[in-house]
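Undergrad: Dropping the structure in here first, questions after.
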Amino acid sequence: MFNPCKQSASRCAASPCLFLVLIATAVSAFAQQPPPIISPEVQSDRRVTFRFSDPNAKEVAVSIETLGKPLPMQKDDQGVWSVTTEPLEPDYYGYSFVADGVNLIDPSNYLMKPNLLNTQSMVHVPGPPSLPWERNDVPHGVIHRHFYRSGIVGDEREYYVYTPPGYEAAGLKRYPVLYLLHGYSDDASAWVAVGRANMILDNLIAQGKAKPMLVVMPLGYGAPEIVQRTPQFASAFRDESLRKRNYDRFRESLLKEVIPAVETDYRVYYDRNSRAIAGLSMGGAESLLTGLNALDHFAWVGAFSSGGMGGSYDESFPALDSSANSQLHLLWVSCGVDDRLIEANRKFRDWLESKGIKLKWLETPGPHAWLVWRRNLAEFATLLFQ
């Protein structure tokens, strides 16, 4: 057998075996390393401990979605900052560390909340199987990712398609489609990566609460510069021409590029009664502006906490009147009562009612956050294509 330390007796007597010295040095160095940081750590009582190593920072806090002000963290002798929350309701929460005024992701956590302007880490506080976004032992659908060049917008972009369980084995069977839109600063992956749309549909379909359907999730920017120019929502949407271009080109791309591609590549119905459109925040405005101005394409329209519509409703929906009631199977408008957009959504509800247009209006607990929109989707999906 080969012995890396086999040398002449005189050499071994004169000096230690180099190989053993290297091994001992490595073991010693490894033993001196601090233990790995566990963050976030979810306790059995749903409290969450966050930890962040920054010995040189003067002040560190953790900012957690929906919890208001950042929670101050305390530093130990090793330079590790930590804080433990009160018990959190089961859900997924975006969070970031704020070290001396700088927002940072959690380097100890692989779970991310993607965003074009404000990427965060994410923590899952598990709940019972009855929660629609939890992964359960049910048949699962498949997420497909498509890339294409938009001749209308003039860039390379993508969209995601959820096919329900059993789609591949269903032969000639066709399905209805929900076009599901993200919000401002999100990307096309948001409804899967953060919104858990595929898990929600898997669970609802398995329980018989929702019809098997495809869900198409496109990139929602008709003018990509709207999200590149400024991180401030209000500033980006204050430019009337930019806002209009963003919505108009998105609508045109959806109707002329995405929908035809989906209807070519997938076994779906082609009629308006089998198409729904819904979205959150900016995507809610796009759903209303697209769906209610294209009733020949959509019979189901939903808006969750819609924002950024701007302008006059009479100008935005010039042909919309009570005759739409005979074409719409569902018009859903909802918003959280703690959302900064609640008054704008109430104003839009009042305008619809003044036109004699029937809608399902829903005010829910919660702010402008994914914790509201997951629940919106879970309820909205049960009403589709019935």
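Undergrad: Conditions: (1) open to solvent by 10 Å² or more (accessible area, probe 1.4 Å); (2) in a helix (DSSP H, G or I). Val262 meets all but one. Number of the miss?
TA: Val262 satisfies all of (1) open to solvent by 10 Å² or more (accessible area, probe 1.4 Å); (2) in a helix (DSSP H, G or I) except (1).
Undergrad: Search region 352-377 for residues being in a helix (DSSP H, G or I) and closer than 23 Å to Leu328 by Cα, and hand back the single one that is farthest from the chain's Cα centre (by Cα). Reasoning before the result, please.
TA: Filtering region 352-377 down to residues in a helix (DSSP H, G or I) leaves 352-354, 370-377.
From what is left, the residues that are closer than 23 Å to Leu328 by Cα are 352-354, 373, 375-377.
Numbers: Leu352: 29, Glu353: 31, Ser354: 34, Trp373: 9, Arg375: 13, Asn376: 13, Leu377: 12 Å.
Residue satisfying both the conditions and the ranking: Ser354.
Undergrad: Which residue out of Leu204, Leu214 is closer than 22 Å to Glu168 by Cα and either in contact (Cβ under 8 Å) with a residue 60 or more places away in the chain or hydroxyl-bearing (Ser, Thr, Tyr) (or both)?
TA: After applying the criteria, what remains is Leu204.
Undergrad: Same structure, new question: Can you spot a residue in region 101-112 that is touching a Phe, Trp or Tyr at 6+ places or on another chain (Cβ under 7 Å) and either at negative phi or touching a residue at least 40 places away in the same chain (Cβ under 8 Å) (or both)?
TA: We begin by selecting, within region 101-112, every residue touching a Phe, Trp or Tyr at 6+ places or on another chain (Cβ under 7 Å); these are 104, 106.
Those still in the list that are either at negative phi or touching a residue at least 40 places away in the same chain (Cβ under 8 Å) (or both) too: 104, 106.
Scanning region 101-112 turns up at least one residue that is touching a Phe, Trp or Tyr at 6+ places or on another chain (Cβ under 7 Å) and either at negative phi or touching a residue at least 40 places away in the same chain (Cβ under 8 Å) (or both).
Undergrad: In region 33-42, what residues are touching a residue at least 40 places away in the same chain (Cβ under 8 Å) and either farther than 17 Å from Ile105 by Cα or open to solvent by 80 Å² or more (accessible area, probe 1.4 Å) (or both)?
TA: First, pick out the residues of region 33-42 that are touching a residue at least 40 places away in the same chain (Cβ under 8 Å): 34, 36-40, 42.
If the condition is that a residue be touching a residue at least 40 places away in the same chain (Cβ under 8 Å) and either farther than 17 Å from Ile105 by Cα or open to solvent by 80 Å² or more (accessible area, probe 1.4 Å) (or both), then Pro34, Pro36, Ile38, Val42 are the ones that fit.
Undergrad: When you go through Val138, Val177 one by one, which is the residue that is closer than 19 Å to Ile277 by Cα, of a type outside the set (D, E, K, R) and surrounded by 12 or more Cβ atoms within 10 Å (Cβ to Cβ)?
TA: On the way: Val138 fails: closer than 19 Å to Ile277 by Cα.
Every option except Val177 fails the conditions.
Undergrad: Would a scan of region 334-354 turn up a residue that is at positive phi and surrounded by 19 or more Cβ atoms within 10 Å (Cβ to Cβ)?
TA: Checked region 334-354: no residue is at positive phi and surrounded by 19 or more Cβ atoms within 10 Å (Cβ to Cβ).
Undergrad: Also, I was wondering about something else. Taking interchain pairs and intrachain pairs at least six residues apart, which have beta carbon atoms under 9 angstrom, with the first residue in region 60-71 and over 16 Å from Ser82 (Cβ atoms) and the second among the β-branched types (Val, Ile, Thr) and assigned to a loop (DSSP other than H, G, I, E, B)?
TA: Leu67/Thr85
Undergrad: Going by the structure shown, is Gly166 of a type outside the set (Lys, Arg), open to solvent by less than 10 Å² (accessible area, probe 1.4 Å) and part of a loop (DSSP other than H, G, I, E, B)? Don't jump to the end; show me each part of the working.
TA: Values: of a type outside the set (Lys, Arg): yes; open to solvent by less than 10 Å² (accessible area, probe 1.4 Å): no; part of a loop (DSSP other than H, G, I, E, B): yes.
No, not satisfied.
Undergrad: Taking region 271-315 only, how many residues are touching a Gly at 6+ places or on another chain (Cβ under 8 Å) and among the small types (Gly, Ala, Ser)?
TA: 13
Residue by residue, here is whether (1) out of contact with any helix residue (DSSP H, G or I) (no Cβ under 7 Å at 6 or more places or on another chain); (2) touching a residue at least 60 places away in the same chain (Cβ under 8 Å) holds:
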| residue | (1), (2) |
| --- | --- |
| Pro126 | yes, yes |
| Pro132 | no, yes |
| Val138 | no, yes |
| Gly141 | no, yes |
| Phe147 | yes, no |
| Glu156 | yes, no |
| Arg174 | yes, yes |
| Ala188 | yes, no |
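Undergrad: Turning to a different aspect of this structure: Scan region 158-170 and report the pairs whose first residue is in contact (Cβ under 8 Å) with a residue 12 or more places away in the chain and whose second residue is among the polar types (S, T, N, Q) and not in a loop (DSSP other than H, G, I, E, B), with Cβ atoms within less than 8 Å and a gap of 6+ or a chain change.
TA: Hits for this filter: Tyr162/Asn198.
Undergrad: Conditions: (1) open to solvent by 30 Å² or more (accessible area, probe 1.4 Å); (2) at pLDDT 95 or above; (3) over 21 Å from Ser53 (Cα atoms). Val125 meets all but one. Number of the miss?
TA: (1)
Undergrad: If you don't mind, there's one more thing I want to ask. Do you know which residues across region 279-312 are more than 24 Å from Phe385 (Cβ to Cβ) and either among the acidic types (Asp, Glu) or modelled with pLDDT of 95 or more (or both)?
TA: Step one: list which residues in region 279-312 are more than 24 Å from Phe385 (Cβ to Cβ), which gives 281-282, 307-312.
Of everything in region 279-312, those that are more than 24 Å from Phe385 (Cβ to Cβ) and either among the acidic types (Asp, Glu) or modelled with pLDDT of 95 or more (or both) turn out to be Ser281, Met282.
The rows are residues; the columns are (1) surrounded by 23 or more Cβ atoms within 10 Å (Cβ to Cβ); (2) assigned to a loop (DSSP other than H, G, I, E, B); (3) under 15 Å from the mean Cα position of the chain (by Cα).
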| residue | (1), (2), (3) |
| --- | --- |
| Ala188 | no, yes, yes |
| Trp191 | yes, no, yes |
| Ile205 | no, no, no |
| Lys211 | no, yes, no |
| Met217 | yes, no, yes |
| Ala236 | yes, no, no |
| Arg245 | no, no, no |
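Undergrad: Would you confirm whether any residue within region 302-309 is over 26 Å from the mean Cα position of the chain (by Cα) and either of a type in the set (Gly, Ala, Ser) or part of a loop (DSSP other than H, G, I, E, B) (or both)? I'd like the intermediate steps shown before the answer.
TA: Taking region 302-309 first, the residues over 26 Å from the mean Cα position of the chain (by Cα) are none.
There is no residue in region 302-309 that is over 26 Å from the mean Cα position of the chain (by Cα) and either of a type in the set (Gly, Ala, Ser) or part of a loop (DSSP other than H, G, I, E, B) (or both).
Undergrad: Residues of region 53-73 being closer than 12 Å to Ser96 by Cβ and either touching an Asp or Glu at 6+ places or on another chain (Cβ under 7 Å) or β-branched (Val, Ile, Thr) (or both), which ones?
TA: Those that are closer than 12 Å to Ser96 by Cβ and either touching an Asp or Glu at 6+ places or on another chain (Cβ under 7 Å) or β-branched (Val, Ile, Thr) (or both): Val60, Val62, Ile64.
Undergrad: Within region 54-73, can you find the residues that are of a type in the set (Val, Ile, Thr) and open to solvent by 30 Å² or more (accessible area, probe 1.4 Å)? Spell out the reasoning first.
TA: Pass one, region 54-73, residues of a type in the set (Val, Ile, Thr): 60, 62, 64, 66.
Scanning region 54-73 gives a single hit, Thr66.
The values are calculated or read from the model by the stated rules, or taken from the named source; none is laboratory data. Every value quoted in this text rests on a predicted model; they were computed, and no experiment measured them. Quick reminder, even Gly has a Cβ in these numbers, built from the backbone with ideal geometry, and neighbours come from all protein chains shown. The protein model used for the area step is the full one, side chains on, heavy atoms only, and it has no ligands, DNA or RNA in it. Shrake-Rupley method; radii C 1.70, N 1.55, O 1.52, S 1.80 Å.
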